[in-house]
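Where a number appears in this text, it was derived from the coordinates with a stated rule and is not lab data. Please read all numbers here as calculations on a predicted model, not as lab measurements. Every residue, glycine among them, receives a Cβ derived from its backbone with ideal geometry; neighbour counts consider all protein chains shown.
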Amino acid sequence: MKIENFAYIVETEKSFDEAVVSVLKVVEQKNWTIFQIYDMKERLAAKGFGQKPLKIIEICSGKYANQFLNKNKLISLCMPCKINVLEENGKVKIVGMRPTMISQFFPEVSQEEAEEVEKDIIEIINNAKHTKLN
């Protein structure tokens, strides 16, 4: 499997912190819910490990979550959606798993339904890449 089939990845000219703030703003503008933000660099540093900046932002759309959970509760293993902001090779990247992967594991979810969610995730990532901060 190619990484492009699993993850949608964009590079941004923003700083790491600006990219995180942009993701948060766009998620809220899209009327999705932010559940949790994990600072992996900070958490691993507490255990004595060095790591480049990486934040995992958990987000959810109640509409899609309800729709998918009504089909199969095990889809919750893929929830909530995550958008990661990370530094790699001196570049800041915004990354999200492609929800169309869900339909490959759970046949109850049609490709079209998964594509609806993926469209939102890609829109959030693309808008976060370009959103101007005040």
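Worth pointing out:
- Entries of Lys73/Lys93; Lys30/Lys82; Lys47/Lys129 with Cα pairs more than 23 Å apart: Lys73/Lys93; Lys47/Lys129
- Relative contact order (percent, whole number), segment 3-130, Cα cutoff 8 Å, 6+ residue spacing: 33 percent
- Potential lengthening between Leu77 and Ala46 on full extension [0.36 nm per residue; Cα-Cα distance subtracted]: 8.4 nm
- Hull volume per residue, based on the alpha-carbon atoms of the chain and their convex hull, is 120 Å³.
- Within segment 75-89: backbone nitrogen closer than 19 Å to the Phe106 label point (7 Å, Cα to C-beta): 75-83
- Three-way shape label, segment 34-108, alpha-carbon gyration tensor, a/c 1.5: prolate
- Fully extending the segment from Lys119 to Glu13, taken as 0.36 nm per residue of separation minus the present Cα-Cα distance, adds 35.9 nm.
- Overall form of segment 12-65 per C-alpha gyration tensor (a/c, 1.5; a/b vs b/c): oblate
- Chymotrypsin sites (Phe, Trp or Tyr not before Pro) restricted to DSSP loop in segment 43-134 with at most 11 other C-beta within 10 Å: Phe49
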